[in-house]
Amino acid sequence: MYKSIGPGLLECVYHQCLKKELELRKIMYSSELLVPLKYKGHELESKLRCDLFIENTLVVKLKSVNEINPIFEAQLLTYMNLLNAPIGLLINFNVKNICFEGQKTLVNEFYRKRDE
């Protein structure tokens, strides 16, 4: 996907392309998922939205910025905790080489595997 359209576009463009790529590969995902927020046993209304939640396992945060701010990683970790996801991926499309500069994988140390 990135090779065909290149860097420098808006985040929403990459979001749409990535959704299409997941659909073509028949990979289950949720887009702009409303992240549940629980506080002291109560579910609160939240405006938190996860860019992509893939196969109920991988939280993806998409960016198209000049520089990754540490708050982006903090947000991704928070979404991973709230969604009880074991892994997260931060992707910045505004780089020359996406494989080396544009992605960071995070592991949720607080992940609890649910009984199936």
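Every read-out reported here was derived from the displayed coordinates using simple, explicitly stated rules and does not represent laboratory data. Because the structure is a prediction, the values reported are computed rather than measured. We place every Cβ from the backbone using ideal geometry, glycine too, and count neighbours over all the protein chains shown.
Descriptive notes on the structure:
- Summed residue charge, Cβ within 13 Å of Lys61's Cβ, Lys/Arg positive, Asp/Glu negative: -1
- Zone residues, segment 90-104, relative to Ile5, backbone N less than 18 Å from point 7 Å out along Cα-to-Cβ: 90-99, 102-103
- Taking Cys12, Cys99, Cys50 as the candidate residues, the one with maximal mean-square fluctuation in a Gaussian network model of the chain, Cα springs under 10 Å, is Cys99.
- Net charge over other residues, Cβ less than 13 angstrom from the Cβ of Leu90 (K, R count +1; D, E count -1): -2
- Pairs exceeding 24 Å between alpha-carbon atoms, taken from Lys26/Lys61; Lys40/Lys63; Lys19/Lys96; Lys38/Lys104; Lys47/Lys96: Lys40/Lys63; Lys38/Lys104; Lys47/Lys96.
- Antiparallel DSSP beta bridges within segment 7-116, as percent of all bridges there, nearest 5: 75
- Added length on full extension, which subtracts the Cα-Cα distance from 0.36 nm per residue, Lys113 to Val65: 13.9 nm
- Per-residue Karplus couplings for segment 16-29, computed as 6.51 cos²θ - 1.76 cosθ + 1.60 with θ equal to phi - 60°, are listed in order as 4, 5, 5, 4, 5, 4, 5, 4, 4, 8, 6, 9, 6, 7 Hz, Gly and Pro entered as x.
- Counted by Cβ distance under 12 Å from Asp51, the other residues give a net charge of +2, where Lys and Arg count +1 and Asp and Glu count -1.
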